[in-house]
Amino acid sequence: MQILDRRLNPSGRSLPNRQRFLRRAKSLVQEAVRDASAKRGIRNADEGGEVSIPLHGIREPSFHHGTGGIRDHVLPGNKEYREGDEIPRPPGGGGGGGSEGSPDGSGEDTFRFVLSREEFLSLFLDDLELPDMAKRRLVDGADPAWQRAGYSVSGSPANLALGRTMRNSMSRRIALKRPKPEAVQALEAEIAALEGDPEQAERVLELRAELERQILRTRRIPWIDPIDVRYRRFDPVPKPVARAVMFCLMDVSGSMTEDMKDLAKRFYTLLFLFLQRRYKHVEIVFIRHTHEASEVDEETFFYSRETGGTLVSTALEEMQKVVADRYPPSDWNIYAAQASDGDNAAGDSQKTARLLVDTILPACQYYAYIEVGREGEHGIPGFPRGPTDLWRTYEALVAAGAPLAMKKVRHRRDIFPVFRELFAKRGVLEGAQA
Amino acid sequence: MSVTTEDRLLYEGAEWDFDTLRIIHDACAEIAGKELGLDWYTNRIEVISAEQMLDAYASTGLPLSYRHWSFGKHFAQHEAMYRRGLRGLAYEIVINSDPCVSYVMEENTATMQALVIAHAAFGHNHFFKNNRLFREWTDAKGILDYLEFAKGYVQSCEEQHGEMAVERVLDSAHALMSHGVHRHRRRAPDLQSEQRRERERREHDERMYNVLWSTLPEKTTTPSTSSEEERRRTLLQLPGENILYFLEKTAPRLQPWQREILRIVRNIAQYFLPQRQTKVMNEGCATYVHHRILNRLHSQGRITDGHLLEALHSHTSVIMQPGFDDQRYSGINPYALGFAMMTDIARIAEQPTEEDREWFPDFAGSGDAMEVLRYAWSEFRDESFILQFLSPKVMRDLRLFHLVDDVEQPALRVDSMHDERGYRRLRRALARQYDPATTDADIQVVDVDLSGDRRLILEHYVQAGRLLDDQEARQVLRHLASLWTYDVVLREVAVPGGAALREHVVSPPR
């Protein structure tokens, strides 16, 4: 009989199988991740979670009997039936007295399982068709800083911890009773003093033997032994820079459809992910506007409907107010992302431009404007849709040299290039350009 | 000074360590050997964590296996259910190998470990070593090494030919796995020499292949006659039920490594064949053994009342059989039926009633329950065991009844129930439910049109009008066609009568 402890075996033995499975079911899982990320909050974008995918895509087929024909069922728990009784066929298929299939029929056609954070994030980013380098950047996090983390027994000579090494050496020498040099000297002195005195000859012999033992012992127990040596140890720790606040501005007037909002949400999510990698602490402020603006929570921001006209300047004013109240630009890195379908009231453009140039842009690290539209929107043939009011306004600002990124987004895959333009300039995403 | 009860206890409380396991094992071995007369392979008990248990689940209880996405899928499925608390984990998994490996979970309490050791390391172990099916169809000594070889072989194929190519072959082989076994055979497999044989086959092929021969003029083909057909079928060993075997030997365009992969899948399917046919007996045997051993440990004063109650609590939930109209019902629980039959056999042997004497004259009142049980465990499989040993009392206790579901009829009919008139018919019907001849579709490779378009012809012998599931059958046939690389035809033929009911034709993917 043998008892073995297998608990210490390397875990994750099933990992290669899991990767194969995810690759196999990739399109299905990706769809599930897309749905899940649309439902969850921006702050939770990079957590893992349970997803469910339709079972038919990953079924393992085999030859087995279908329904029909004559079937026999021997069942337990008879209460009232007698031989020859006829029982009406239960509704919903030819199963025998509800004997087949799971109770309630639940969990039969979907397959639910849990994705880890890394898997979820990588699928989410895949879906946005990010270049690999940028992905790695997001998943791996910021460059590490090196931090002292105690001592180790191996390392480079430059990191030798002399004090600790000597302390170990001393405690070892004391523990092993290595004779001190003074003791040896004292012995030698005593021998020298007593030598020549015939009465003390016996004592001298004794002392000599003792001296010899001590010297031998000194040789056996080295001053510094390899086991004493310690090196300073450094561990990498991620090095987020500081804190940042992200303003999400969105037009929520009736002309913004759910699709457009969904695109905008993806943009915000991605921005949040980027910021989170770069800053230790990221806050999000949601400001929505119609002809008036207000700060709201995420739920309201994305899902409640408002009616009214469109005055972009109100959102900028609101943002200005929030910045002044809570986020002094000296303490916070301010990022702002505005999503809109491009409408603005005719008289508002001037005011908007002035607000942006005078107060908002100087306070911000980045200001991104994305104009969302429906996929495949071409306008009426022969009447090419011209640039929108807001687009024209902002274009003029960019032409005048304002640090403003703007982009039209019609599809998920358009989102990432905005980031490329946004961040490549400032070198945050060096890799993305590769 | 007399020995107090405290000194006799194997362990106290719920904590255990490796010494405790050893003590428990030895105490169980004493009872299993001396009192129950069991005979087992040397035990190897391995302590594992929950994650490792899920791992073992995913690869159908094998300790190691080649890599394939389906195992990842099963792992994810079990894990999700486990995390949501829908399903607990099994307390143990035991592998039919020599030495017999039992996995026990680290979370188990000491009492659960005792239960599990008695159940797996003695109950299942005895069954594996003694049951005729296992003796004749599996090679307990070679299985672990063979799995190691299979894993390494598949991995080397992936390195040579790419993951996707290997995955395609494995997918197809898995689809045909249920029809990749020999059901009639005498020779016991010898898995240990499989690795050597693989090498020999390859070397033989390499020696035999000579390009010059292909320049020889082809023999002119003569029109095929019926005797020619007969000869061809004999040469190809047709008809044959083992589709994977047929492909491995005959498929015209498979690479040697692809054939070897088919062989691996086939060997593993074959290894599991006895388990599928002895579920009720195997679990019944193990459950009966752990029940006997734990009760005995208690009467010897080696576990406390509390320990016994804890063990009984698990025991009763394992053998719970919900009624057919219960939400929790999902078929007949093999633990429940098996345990009920084993205790019933013991009762008949020791305290028979008049009814038992009439039904089981051979052993009613023989007095030695274990002798009867050991005989049953070694010589039967589920189907024959039920047919032979299911007593009226068990049918009454479980309140079994037989329902016939004929699509042609408007209603279901109760054919027999647990009364004088029904016992024998009921028992036959239940035994049929465990008969692979009834439960598995009977599909055979019948012919290949070698001189023509090389189409492969299979037949499904349809009993009682039970056709194959159309959609899945087509998917499996697509896999089959991709291995055969020519058209594949599956005819569904009524038995008896031979009327053609349906025909599927599938071409290989281009």
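The values are calculated or read from the model by the stated rules, or taken from the named source; none is laboratory data. Computed from a predicted structure; not experimentally measured. Heads up, the Cβs are rebuilt from the backbone with ideal geometry, glycines too, and the neighbour counts pull from every protein chain shown.
The single condition among (1) in a helix (DSSP H, G or I); (2) within 24 Å of the chain's Cα centre (by Cα) that residue B:355 does not satisfy is (2). With respect to the conditions (1) basic (Lys, Arg); (2) in contact with a strand residue (DSSP E or B) (Cβ under 6 Å, 6 or more places away or on another chain); (3) more than 14 Å from chain A (Cβ to nearest Cβ), residue B:357 lacks only one, and its number is (2).
I need the full set of residues from the stretch B:70-84 which are of a type in the set (A, V, I, L, M), surrounded by fewer than 20 Cβ atoms within 10 Å (Cβ to Cβ) and at the interface with another protein chain (Cβ under 7 Å from one of its Cβ atoms), in order please. So that I can check it myself, show each step before the final result.
So in the stretch B:70-84, the residues of a type in the set (A, V, I, L, M) come out as B:76, B:80-81.
After this cut, where a residue has to be surrounded by fewer than 20 Cβ atoms within 10 Å (Cβ to Cβ) as well, the list is B:80-81.
Listed by number, the list holds a single entry, B:80.
Scan the stretch B:301-342 residue by residue and report those that are within 30 Å of residue B:12 (Cβ to Cβ) and polar (S, T, N, Q). Don't jump to the end; show me each part of the working.
Going through the stretch B:301-342, the residues within 30 Å of residue B:12 (Cβ to Cβ) turn out to be B:301-320, B:335, B:339.
The answer is B:304, B:314, B:316, B:317.
The criterion of at least 2 residues that are more than 26 Å from residue A:400 (Cβ to Cβ) is met, among helices (runs of 4 or more DSSP H) falling completely within the stretch A:294-381, by A:298-303, A:312-326.
Hey, does the stretch B:280-302 have a residue that's surrounded by fewer than 19 Cβ atoms within 10 Å (Cβ to Cβ) and under 22 Å from residue B:183 (Cα atoms)? Lay out the reasoning, then the answer.
At the first step, the residues of the stretch B:280-302 found to be surrounded by fewer than 19 Cβ atoms within 10 Å (Cβ to Cβ) are B:295, B:298-301.
Now restrict to residues that are under 22 Å from residue B:183 (Cα atoms): none.
The answer is no, given that none of the residues of the stretch B:280-302 is surrounded by fewer than 19 Cβ atoms within 10 Å (Cβ to Cβ) and under 22 Å from residue B:183 (Cα atoms).
Does residue A:178 meet the test of being outside any helix (DSSP H, G or I) and among the charged types (D, E, K, R)?
Details: outside any helix (DSSP H, G or I): yes; among the charged types (D, E, K, R): yes.
Against the criterion (outside any helix (DSSP H, G or I) and among the charged types (D, E, K, R)), residue A:178 qualifies.
Residue count for the stretch A:1-38 satisfying the condition of being surrounded by fewer than 19 Cβ atoms within 10 Å (Cβ to Cβ), assigned to a helix (DSSP H, G or I) and within 8 Å of chain B (Cβ to nearest Cβ): 3. Within the option set A:225, A:262, being outside the structural domain of residue A:405 (by TED's automatic domain parsing) and in contact with a helix residue (DSSP H, G or I) (Cβ under 9 Å, 6 or more places away or on another chain) holds for one residue only, A:225.
Can you pull out every residue in the stretch B:427-444 that is assigned to a helix (DSSP H, G or I) and either among the small types (Gly, Ala, Ser) or within 7 Å of another protein chain (Cβ to nearest Cβ) (or both)? Answer for the stretch B:427-444, where residues must be assigned to a helix (DSSP H, G or I) and either among the small types (Gly, Ala, Ser) or within 7 Å of another protein chain (Cβ to nearest Cβ) (or both): B:429, B:430, B:431, B:432, B:433, B:437.
Reported count of residues in the stretch A:62-87, each being out of contact with any strand residue (DSSP E or B) (no Cβ under 8 Å at 6 or more places or on another chain) and either among the aliphatic types (A, V, I, L, M) or within 7 Å of another protein chain (Cβ to nearest Cβ) (or both), is 4. Residue count for the stretch B:13-47 under the criterion of being touching a Cys at 6+ places or on another chain (Cβ under 8 Å), surrounded by fewer than 20 Cβ atoms within 10 Å (Cβ to Cβ) and either more than 8 Å from chain A (Cβ to nearest Cβ) or among the hydrophobic types (A, V, I, L, M, F, W, C) (or both): the result is 1. Residue B:281 meets each of the listed conditions (1) of a type in the set (A, V, I, L, M, F, W, C); (2) within 22 Å of residue B:488 (Cβ to Cβ); (3) part of a helix (DSSP H, G or I) apart from (2).
Checked against (1) away from chain A (no Cβ under 14 Å); (2) surrounded by fewer than 20 Cβ atoms within 10 Å (Cβ to Cβ), residue B:404 meets all criteria but (1).
Quick one: in the stretch A:224-242, of everything that is among the β-branched types (Val, Ile, Thr) and at pLDDT below 85, which residue is nearest to residue A:335 (Cα to Cα)? Per the stated criteria, the residue is A:241. Every condition in (1) more than 7 Å from chain B (Cβ to nearest Cβ); (2) closer than 16 Å to residue B:471 by Cβ; (3) surrounded by 13 or more Cβ atoms within 10 Å (Cβ to Cβ); (4) modelled with pLDDT under 80 is met by residue A:93 except one, and the failing one is (3). Within the stretch A:340-363, being out of contact with any Phe, Trp or Tyr (no Cβ under 8 Å at 6 or more places or on another chain) and touching a residue at least 60 places away in the same chain (Cβ under 8 Å) holds for A:341, A:343. Given the criteria part of a strand (DSSP E or B), more than 8 Å from chain B (Cβ to nearest Cβ) and not small (Gly, Ala, Ser), does residue A:51 qualify? It is true that residue A:51 is part of a strand (DSSP E or B), more than 8 Å from chain B (Cβ to nearest Cβ) and not small (Gly, Ala, Ser). In the condition set (1) surrounded by fewer than 20 Cβ atoms within 10 Å (Cβ to Cβ); (2) away from every other protein chain (no Cβ under 13 Å), residue B:411 is compliant with all but (2). Of everything in the stretch B:48-69 that's facing chain A (nearest Cβ under 7 Å) and surrounded by fewer than 20 Cβ atoms within 10 Å (Cβ to Cβ), which residue is modelled with the lowest pLDDT? Among those residues, the one meeting the criterion is B:51.
Kindly indicate whether any position in the stretch B:369-379 is over 26 Å from the mean Cα position of the chain (by Cα) and over 21 Å from residue A:76 (Cβ atoms). Don't jump to the end; show me each part of the working.
Initially, the stretch B:369-379 is screened for residues over 26 Å from the mean Cα position of the chain (by Cα), giving B:369.
Add one more test, that the residue is over 21 Å from residue A:76 (Cβ atoms), and what stays is B:369.
Within the stretch B:369-379 (the criterion being over 26 Å from the mean Cα position of the chain (by Cα) and over 21 Å from residue A:76 (Cβ atoms)), the answer is yes, since at least one residue qualifies.
Pairing each residue of the stretch A:191-210 that is assigned to a loop (DSSP other than H, G, I, E, B) with any residue that is surrounded by 12 or more Cβ atoms within 10 Å (Cβ to Cβ), provided the two are 6+ apart or on different chains, yields C-beta distances under 7 Å for A:195/A:204.
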